[in-house]
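The values are calculated or read from the model by the stated rules, or taken from the named source; none is laboratory data. Computed from a prediction, not measured in an experiment: that's the story for all the values here. Backbone-built Cβ (ideal geometry, glycine too); neighbour counts: all protein chains shown.
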Amino acid sequence: MDIPDDANESTPIHCSNCGAFLGEWGELQDDFYRQARGTEAFDLRNGTIIKK
C-alpha cells in the first residue's frame, strides 16, 4: 500500500504495485483490525502487513 506520511482517516490509499484504489485509510485500518481480531499473528506497520 502506498500510504502518505500525513495520512488521515479519509486519505485515499492505492496499491504500491499497480496503483489500484484500495479504499480510504480509516476503512482499511478498521478492516484489517476486524479481520485480525482475536489473533496476534499479524501487525500493520507503515502500510505493510507483517507476520509476527
Surrounded by 10 or more Cβ atoms within 10 Å (Cβ to Cβ) and at pLDDT 85 or above, is that true of SER10?
no
Filtered residues of region 13-52 (kept if part of a strand (DSSP E or B) and modelled with pLDDT of 80 or more):
ILE13, HIS14, PHE21, LEU22, GLY23, GLU24
